[in-house]
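Have a look at the structure below before the remarks.
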Amino acid sequence: TPWSLRHSLFHKGYQLLDTYVTISVDQVRVGQTGTKQKTNKPTKNEEFSATVTDGHQVEPSAFHDTPIGYDDFVASCTLHFQDLLRSTGPSNSFEGW
């Protein structure tokens, strides 16, 4: 991301990040992955389970784990449940998604 270039003052190219991802539903955090060390292509194969009633959106956000102070924001996106329901079919359920 442009973030890693912006913070690589002494290195040419991208800085390797220590990333983790948080999952929020309607701005309430429901999960967080473990941190993947020194990579720009982390793979997250972790599962979260949360009961959501009348939820509107889910937001995964990526952060760089810093040793001191607040962790650095890297990227996020917002997925609306109605859009996801249209793409999964008429079941109105996300179980196993």
Positions within segment 49-65 being closer than 14 Å to residue 20 by Cα and part of a loop (DSSP other than H, G, I, E, B), in sequence order: 65
Counted residues, segment 13-48 - those being in a loop (DSSP other than H, G, I, E, B) and open to solvent by 40 Å² or more (accessible area, probe 1.4 Å): 15
Cβ pairs under 6 Å, 6+ apart, first in segment 52-63 and closer than 10 Å to residue 78 by Cβ and of a type outside the set (D, E, K, R), second part of a loop (DSSP other than H, G, I, E, B) and open to solvent by 30 Å² or more (accessible area, probe 1.4 Å): 56/26; 57/78
Failed item in (1) part of a loop (DSSP other than H, G, I, E, B); (2) modelled with pLDDT under 85; (3) open to solvent by 60 Å² or more (accessible area, probe 1.4 Å), with residue 69 passing the rest: (2)
Segment 72-83 residues that are over 18 Å from residue 20 (Cα atoms), paired with ones that are open to solvent by less than 80 Å² (accessible area, probe 1.4 Å) (beta carbon under 6 Å, 6 or more apart): 79/58; 80/57; 81/55
Test result for residue 93, exposed (fewer than 15 other Cβ atoms within 10 Å of the Cβ), modelled with pLDDT under 85, over 17 Å from the mean Cα position of the chain (by Cα) and in a loop (DSSP other than H, G, I, E, B): yes
Search result, residues across segment 1-55 that are out of contact with any Ser or Thr (no Cβ under 6 Å at 6 or more places or on another chain), modelled with pLDDT of 90 or more and not polar (S, T, N, Q): 23, 25, 26, 28, 30, 31, 34
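The values are calculated or read from the model by the stated rules, or taken from the named source; none is laboratory data. Because the structure is a prediction, the values reported are computed rather than measured. So basically every Cβ, Gly included, is an ideal-geometry build from the backbone, and we count neighbours across all protein chains shown. We work out accessible area using only protein heavy atoms, side chains counted, and drop any ligands, DNA or RNA first. Shrake-Rupley method; radii C 1.70, N 1.55, O 1.52, S 1.80 Å.
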